[in-house]
Amino acid sequence: MKYLVMVQGAQADYEAMKGKGSGHSPAWSKQDLQAMFAHMNAINDDLSESGEMIDGQGLVEPAKTRHVSVDKDGRPVITDGPYGETKEVLAGYWVLDCESLERVTEIAVRVAKCPVPAGSTDYPVVIRQIDESGGSDL
């Protein structure tokens with residue numbers, strides 16, 4: 001079964017990783033960043049080695065986001081970030097092919113144990129099974 005495993009963040013977290021702390025997220029040191037990247041790279045390496053990794057990416061900060069919609073007349077409405085009203089956003093993801101929900105949950109627990117500076121926001125790791133039925137289950 002295929003699953004999407006998602007980690008969340010906010011613009012303040014990206015700023016904190018650049019050393020600009022706030023009440024929402026303390027500033028990260030170079031050692032904090034190295035520990036986080038080492039943790040995530042070890043997970044990626046293990047998932048690649050086990051054959052469970054299909055894809056996984058970290059995403060750029062919300063300030064570099066673009067929203068595209070259409071107005072009532074069908075014209076495009078394009079808005080570039082940052083978005084003050086946005087709290088949490090998708091910060092990164094993995095697409096995994098795992099034998100069970102229990103296995104992907106084990107992986108999510110490992111992701112959730114990523115080292116972060118004390119006082120950082122604790123976001124849940126979100127698991128969603130990918131619908132491979134082509135909509136036939138509707």
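The values are calculated or read from the model by the stated rules, or taken from the named source; none is laboratory data. Quick caveat: nothing in here was measured; it's all calculated off a predicted structure. Neighbour counts are summed over all protein chains in view; Cβ atoms, including those assigned to glycine, are modelled from backbone coordinates with ideal geometry.
Data for the structure
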{"quantity": "In region 7-17, the residues that are within 19 Å of ILE107 (Cβ to Cβ) and crowded, with 20+ Cβ neighbours inside 10 Å", "calculated": "VAL7, GLY9"}
{"quantity": "Meets criteria (touching a residue at least 60 places away in the same chain (Cβ under 8 Å) and not aromatic (Phe, Trp, Tyr)) for MET6", "calculated": "yes"}
{"quantity": "Residue selected from region 18-33 under the condition surrounded by 12 or more Cβ atoms within 10 Å (Cβ to Cβ) and not in a loop (DSSP other than H, G, I, E, B), by the criterion farthest from the chain's Cα centre (by Cα)", "calculated": "ASP32"}
{"quantity": "Whichever residue in region 120-138 is exposed (fewer than 12 other Cβ atoms within 10 Å of the Cβ) and under 23 Å from ALA35 (Cα atoms) and, among such residues, is modelled with the lowest pLDDT", "calculated": "ASP122"}
{"quantity": "Selection status of TYR123, within 19 Å of SER22 (Cβ to Cβ) and aromatic (Phe, Trp, Tyr)", "calculated": "yes"}
